[in-house]
Amino acid sequence: MNGLSLEQKDAPEVILVDYGVGNLRSVEKALAAAGARVRLSGDAEVLRKAGKVLLPGVGAFGDGMRGLQERGLVDVLQELVRRGTPLLGICLGMQLLFAASEEAPGCPGLGLLPGEARRFTFDEDTGSPGAAGRLKVPQTGWNQILAVQENSSLLQGLPEGSYAYFNHSYYCDPGQAGDVLAHTDYGCLYASIVGRSNLYGVQFHPEKSQAVGLQILRNFVERC
């Protein structure tokens, strides 16, 4: 049979933003497994009509913002959030939701959430801050998600103390504590999931986080 099945046609459509950063295929497959009808696009007019949007990203903050600017997507994403379209940023995509990053001084982010991305800093002799001992940057591997707002739509069905897969050197430091949905301990306690109204961000890679990541994507597709 050609075309989409009836079940696929009824599935919520999620626009996966293609702005030249990240491994989109693995995210696309994970979204489809979570029940979404996925459309990959970097076209501003396509995004303006989106019902849900996922902003992925792997790499540097400055490169990510340049990719969005070159495609005319900065104003579009800001407009979508203002009008209530659900948007989820993952990894670099989460950091781009904030006003700035220490990784790219002078380069503004999307400014959808107050705060900035900061680099992990650890004293080589003491392993401080925190009591985790000597920690490597980037943080690479599995770490725990500690829920702060358990009633969030994005966190439904997640077992307490779930683990997800991280790979990052910078972490988000929100300007408002109420935007933190979950945090993670890596020498310091930082926001690993954020959210406000229709806007969400996860610092880890749900497409690499097995059942936990799939549940979060399913929640975004079905509940947010």
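Scanning for something over 25 Å from residue 22 (Cβ atoms), modelled with pLDDT of 95 or more and open to solvent by 10 Å² or more (accessible area, probe 1.4 Å), does segment 115-122 turn up at least one residue? Lay out the reasoning, then the answer.
Just the residues of segment 115-122 that are over 25 Å from residue 22 (Cβ atoms), to begin with: 121-122.
When the remaining residues are screened for being modelled with pLDDT of 95 or more, the result is none.
No, that holds for no residue.
For segment 1-119, which helices (runs of 4 or more DSSP H) that fit wholly inside it have 2 or more residues that are among the basic types (Lys, Arg)? Quick ask: steps written out before the conclusion?
Details: elements: 6-10, 24-33, 44-48, 61-70, 74-82, 92-95.
Counting at least 2 such residues, we get 24-33.
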**Message:** Please count how many residues of segment 37-60 are over 17 Å from residue 24 (Cα atoms) and surrounded by 17 or more Cβ atoms within 10 Å (Cβ to Cβ).
**Reply:** 1
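Every residue, every condition in (1) of a type in the set (Lys, Arg); (2) without any contact (Cβ under 8 Å) to a residue 60 or more places away in the chain, yes or no:
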residue: 136; (1), (2): yes, yes
residue: 147; (1), (2): no, yes
residue: 172; (1), (2): no, no
residue: 176; (1), (2): no, no
residue: 182; (1), (2): no, yes
residue: 193; (1), (2): no, yes
residue: 210; (1), (2): no, yes
residue: 214; (1), (2): no, no
**Message:** Given the criterion of a type outside the set (A, V, I, L, M, F, W, C), open to solvent by 40 Å² or more (accessible area, probe 1.4 Å) and either within 13 Å of residue 91 (Cβ to Cβ) or modelled with pLDDT of 95 or more (or both), identify the matching residue among 200, 186, 163.
**Reply:** 163
**Asked** Taking segment 183-224 as the region of interest, how many residues are small (Gly, Ala, Ser) and touching a strand residue (DSSP E or B) at 6+ places or on another chain (Cβ under 8 Å)?
**Response** 6
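The values are calculated or read from the model by the stated rules, or taken from the named source; none is laboratory data. Given the structure is predicted, the values throughout are model-derived calculations rather than measurements. Methodologically, a virtual Cβ is constructed for each residue, glycine included, from the backbone with ideal geometry; neighbour enumeration extends over all protein chains shown. All accessible areas refer to the heavy atoms of the entire protein, side chains included, with ligands and DNA or RNA removed. Shrake-Rupley method; radii C 1.70, N 1.55, O 1.52, S 1.80 Å.
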